[in-house]
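The values are calculated or read from the model by the stated rules, or taken from the named source; none is laboratory data. From a predicted model like this one, the values you see are computed outputs, not experimental measurements. Neighbour counts are summed over all protein chains in view; Cβ atoms, including those assigned to glycine, are modelled from backbone coordinates with ideal geometry. Note: accessible area is taken over every heavy atom of the protein model, side chains too, but ligands, DNA and RNA are not part of it. Shrake-Rupley method; radii C 1.70, N 1.55, O 1.52, S 1.80 Å.
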Amino acid sequence: MSHFSYQNGVLHAERTPLSRIAEEFGTPAYVYSKAALLDNLAAYSDACQGRNALVCYAMKANSNLAILDLLARQGAGFDIVSGGELLRVIAAGGDPNKVIFSGVGKTEDEMRLALDKGILCFNVESIPELHRLNDVAGSLGKRAPVSLRVNPNVDAKTHPYIATGLKANKFGVAFDDALETYRTAASLPHLDVVGIDCHIGSQLLDDAPLLEALDKLIELIDTLDSEGIHIHHLDIGGGLGVDYGVAGDKPPVPVGDYLGRLFARIDAWRAARHDGRAVKVIFEPGRSIVASTGVLLTKVEFLKPGAEKNFAIIDAAMNDMMRPTLYGAWMDMQPVVPRESEKAVYDIVGPVCESGDWLARERELALQPGDLLAMMSAGAYGMTMASNYNTRGRAVELMVDGEQVHVIRQRENPADLFALETMLK
Ligand code: LLP
């Protein structure tokens with residue numbers, strides 16, 4: 001069930017009209033639904049019920065403290081990619097012991113911080129990284145828990161910028177080199193080999209590539225076992241897609257179906273092993289937890305009819321939402337108060353001085369200046385990828401809970417943007 005719906009002709013977030021929110025807090029604004037967030041996490045937790053499993057939310061999708069806090073309170077762990085993200089988890093009251101540290105370029109400082117805070121596991125992506133981590137852990141008199149991110153060479157069939165599991169990608173250790181890399185890891189004195197990990201890409205509408213990757217990881221776990229390297233957790237990454245409303249796209253496989261199929265394979269494998277050893281399963285979902293949780297609320301400033309195109313110029317821009325211009329992503333735009341009048345075809349663009357500053361193209365809408373639009377499913381990779389280009393303050397972030405609206409991040413003022421700058425004396 002969507003928590004964004006039309007009630008009496010006005011698009012609402014839960015029981016709050018978006019028009020009221022725009023009036024009170026201005027636009028552009030990111031508006032999130034608390035109930036949607038909790039529902040999306042529950043889809044994972046329910047499917048993991050009674051299992052040895054942990055959901056580590058990939059917080060790069062949306063790292064607002066209020067969101068992290070709500071998820072942490074439901075028992076979620078976190079997948080991080082920087083020291084900054086770890087500090088956010090801690091600031092939000094999350095448990096470092098449920099944190100997985102991914103990414104190809106961890107610095108020594110970041111490793112020290114993560115070891116000091118006692119994270120669950122480092123997902124290591126290369127041999128030089130193994131050596132660096134071993135040295136840093138040794139210098140602190142600690143042992144670092146590690147998992148290798150294995151690149152299973154599976155085609156995720158998604159946009160090339162967000163496919164990560166192919167040989168041509170910078171991520172992970174090639175499947176054919178994995179055994180040798182595990183041997184290296186196991187030989188280093190300050191590392192504990194605890195897991196295996198992969199992440200093949202994002203916005204996957206089908207779970208077949210994910211299950212194919214699972215099979216390859218399982219095969220490798222058995223090989224490692226025969227070498228005396230015992231894996232305690234299997235991290236399948238994130239990647240499950242969401243419904244952006246793209247015409248012709250099939251709806252993404254539901255979370256429960258995917259997890260059901262995945263656990264069935266794991267159960268069959270464990271039954272065949274006969275050794276009864278449990279392997280914990282870790283998930284790193286980002287988009288499927290937060291995308292449908294939020295909309296980007298924006299106002300039409302001007303209509304600019306043209307010979308070839310009509311433009312609707314809005315007050316949100318590419319700096320607020322990069323996905324359309326960066327990936328050619330199609331995001332649904334809905335009028336907050338639909339008009340009965342005749343529709344026209346518009347390109348919906350922002351005020352930034354770039355031709356790439358568009359949020360939607362060729363949309364049939366009935367619009368007037370001052371109208372409000374909601375970009376749907378904007379809760380993932382929206383605010384976290386926002387910038388201050390053109391000295392534009394980032395949008396206010398709001399969380400709706402029924403009829404209540406909470407400011408979870410204030411709108412940035414221009415003065416905030418140059419506060420860290422200094423002129424020469
Ligand atoms: N784990 C790792 C190691 C990742 O690199 C990612 C995403 C995730 C988990 C979460 O994947 P998800 O469940 O969200 O698909 N900015 C792009 C998406 C980039 C994804 C990067 N990695 C977009 O807006 O489409």
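Would you please give the FRET efficiency between His406 and Lys343, computed as 1/(1 + (r/R0)^6) with r the Cβ-Cβ distance and R0 = 35 Å, to the nearest 0.05?
Values: r = 35 Å, r/R0 = 1.00.
The pair His406/Lys343 has a calculated efficiency of 0.50.
The residues Lys280, Lys106, sorted by heavy-atom accessible surface at 1.4 Å with ligands and nucleic acids left out, run Lys280, Lys106 from largest to smallest. The Asn52 and Arg73 beta-carbon pair, evaluated with R₀ = 30 Å, returns a calculated FRET efficiency of approximately 0.90.
With 0.36 nm allotted per residue and the present C-alpha distance subtracted, the Ala247-Ala91 stretch has 52.1 nm of extension available. In summary, the lysines within cross-link reach of Lys142, defined as a Cα separation below 30 angstrom excluding same-chain residues under 8 places away, comprise Lys60, Lys98, Lys106, Lys117, Lys170, Lys280.
Of all the accessible heavy-atom surface of region 30-78, with the other protein chains kept in place and a 1.4 Å probe, what percent is carbon and sulfur? On region 30-78, the fraction of accessible area on carbon and sulfur atoms equals 44 percent.
Summarising the label geometry, the points placed 7 Å from Cα in the beta-carbon direction at Thr391 and Asp206 lie 5.1 nm from one another.
Using the Cβ of Lys343 as centre and a radius below 13 Å, the other residues enclosed give a net charge of -3, where K and R count +1 and D and E count -1.
Estimated purely from DSSP H runs of n ≥ 4, each contributing -39500 (n - 2.57), the mean residue ellipticity at 222 nm for the chain is -9000 deg cm²/dmol once divided by its residues.
Which part of region 297-319 falls in the paramagnetic zone of Glu354, meaning amide N under 15 Å from the point 7 Å along Cα-to-beta-carbon? Backbone N within reach: 316-319. Using r as the Cβ-Cβ distance of Ser5 and His131, and R0 as 35 Å, what FRET efficiency do you calculate, to the nearest 0.05? Between Ser5 and His131 the formula returns 0.05. On full extension, the segment bounded by Arg15 and Thr107 gains 28.6 nm, given 0.36 nm per residue less the C-alpha separation.
Among DSSP beta bridges lying fully in region 270-425, give the percent that are antiparallel, nearest 5.
Values: 21 of 25 bridges.
Expressed as a percentage, antiparallel bridges in region 270-425 total about 85.
If the chain linking Leu303 and Leu326 were pulled fully straight, counting 0.36 nm for each residue of separation and taking away their Cα-Cα distance, it would gain 5.8 nm. What whole number of Å gives the distance from the Cα centroid of region 180-203 to the Cα centroid of region 7-59? Using only Cα atoms, the two centres lie 35 Å from each other. Estimated at the nearest 10 Å², the accessible area of Cys353 is 110 Å² with a 1.4 Å probe.
For Arg183, the solvent-accessible surface computed with a 1.4 Å probe is close to 90 Å², ligands and nucleic acids excluded.
Which value, in Å², gives the accessible area per residue of the chain when a 1.4 Å probe is used on the protein heavy atoms? Walk me through the numbers before you get to the answer.
Numbers: 18490 Å² over 425 residues.
Here the per-residue accessible area is 44 Å².
Where does each of Phe171, Phe263, Phe418 land when they are ordered by accessible area, with a 1.4 Å probe and the largest first?
Numbers: Phe171 55, Phe263 10, Phe418 110 Å².
Largest accessible area first, the list is Phe418, Phe171, Phe263.
Annotation for Glu219 and Ala366: the two label points, set 7 Å from Cα along the Cα-Cβ direction, are 5.8 nm apart.
Residues Thr298, Thr422, Thr384, sorted by accessible area with the largest first, give Thr422, Thr384, Thr298 [1.4 Å probe; ligands and nucleic acids excluded].
To the nearest 10, the accessible area of His233 is 10 Å² with a 1.4 Å probe. Figure legend: label point modelled 7 angstrom from the Cα of Glu23 along Cα→Cβ; residues of region 368-389 with amide N under 17 Å from it are 370-373.
How much of the DSSP beta bridge set in the chain is antiparallel, as a percent to the nearest 5? Counting only bridges with both partners in the chain, antiparallel ones make up about 45 percent.
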